[in-house]
Amino acid sequence: MDLAYLAQQLVNGLQLGLVYALIALGYTMVYGIIRLINFAHGDVFMVGAFIGFYTISALAGRGLGGWVLVPALVLAVLVCTSLGIAIERLAYRPLRNAPRIASLITAIGVSLFLEYGSSLKIAFGPDIRTFPRPFAISEVLRIGTLTITNMQVIILVVTILFLALLQYIVFRTKMGMAMRGVSYDFDTAKLMGINVDVVVSFTFGLGSALAAAGGILYAIAYPQVQPFMGIMPGLKAFTAAVLGGIGIIPGAMLGALIMGQAEVLTAAFVSTTWKDAVAFAILIVVLMIKPTGLLGKRGTDKV
């Protein structure tokens with residue numbers, strides 16, 4: 001086996017895994033708060049990519065160079081945060097006390113609404129478009145045949161910044177304390193005076209902001225955008241969250257990195273047609289051995 005080639009694929013897998021991590025965190029935070037699988041989350045990722053597409057296209061030639069990525073990220077985060085809060089307020093909050101199957105079906109409905117609504121010509125349109133990269137791809141480090149590009153460095157840096165911000169919010173702010181309280185016990189949090197509606201909306205908004213960043217980074221690495229682009233990355237990110245332990249932030253990150261490596265290594269050493277199957281096969285094996293996920297803990301129900 002060519003070790004340099006293996007190292008290159010590991011770097012590529014890290015790149016993909018970091019993008020999956022940004023999406024998976026939204027799934028796991030929402031589930032941790034209200035035990036809901038937000039299947040529309042992958043479509044918020046798609047909206048973020050399109051906002052980045054239009055922003056970078058509009059600012060091209062303004063002399064910003066690669067810094068055009070900053071306003072693209074800011075605008076995508078703002079739009080998708082608002083979208084996430086609106087989805088929670090309009091679609092999920094009225095069903096909070098309904099059977100969970102109602103919320104699940106609604107989540108699928110919201111996902112289809114965003115996908116097919118975005119396909120209309122008055123929205124994004126059905127065509128596949130080439131995403132305008134804000135900078136030319138170039139090498140920043142070469143070790144033998146191992147090459148690390150500026151794109152991979154930027155994806156790493158942006159992801160770390162967003163993850164650091166998430167950690168600060170969750171563990172260093174009052175809202176983060178409220179999120180952890182609601183996650184631990186929804187009803188007790190209400191009795192303690194926590195406004196759970198605000199906390200839930202904030203969680204949706206925060207997860208959507210991470211998905212927006214993930215959408216732009218994904219589009220930079222794989223430069224095509226279209227209304228259905230969020231289906232497979234969203235599904236894989238959800239799988240990553242379950243793999244690591246749904247509702248556990250470090251678990252979502254771990255699961256995403258494993259999914260990224262599994263997909264890239266399978267495509268490189270086995271076949272590109274098997275990359276999706278192997279990723280989901282890993283999930284099946286892990287859940288057969290440890291149903292709560294890699295970092296999940298088995299809970300006990302009081303009777």
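For the reader, a short list of remarks on this structure follows.
- Of the helices (runs of 4 or more DSSP H) lying entirely inside the stretch 82-196, the ones with 3 or more residues being without any contact (Cβ under 8 Å) to a residue 40 or more places away in the chain, out of contact with any Lys or Arg (no Cβ under 8 Å at 6 or more places or on another chain) and under 30 Å from GLY65 (Cα atoms) are found at 150-172.
- Cross-chain or 6+ apart pairs with Cβ under 8 Å, the stretch 55-66 first and basic (Lys, Arg), then surrounded by 15 or more Cβ atoms within 10 Å (Cβ to Cβ): ARG62/VAL68
- On inspection, TYR31 fails the criterion of being surrounded by fewer than 19 Cβ atoms within 10 Å (Cβ to Cβ), at pLDDT below 95 and closer than 28 Å to VAL264 by Cα.
- Here PRO227 meets the list (1) over 13 Å from the mean Cα position of the chain (by Cα); (2) part of a helix (DSSP H, G or I) almost entirely, failing just condition (2).
- Residue within the stretch 256-265 that is surrounded by 23 or more Cβ atoms within 10 Å (Cβ to Cβ), charged (D, E, K, R) and in contact (Cβ under 8 Å) with a residue 24 or more places away in the chain present: yes
The values are calculated or read from the model by the stated rules, or taken from the named source; none is laboratory data. Owing to the predicted nature of the structure, the values given are computational and were not obtained by experimental measurement. Cβ coordinates were reconstructed from backbone atoms using ideal geometry, including for glycine residues, and neighbour counts include every protein chain displayed.
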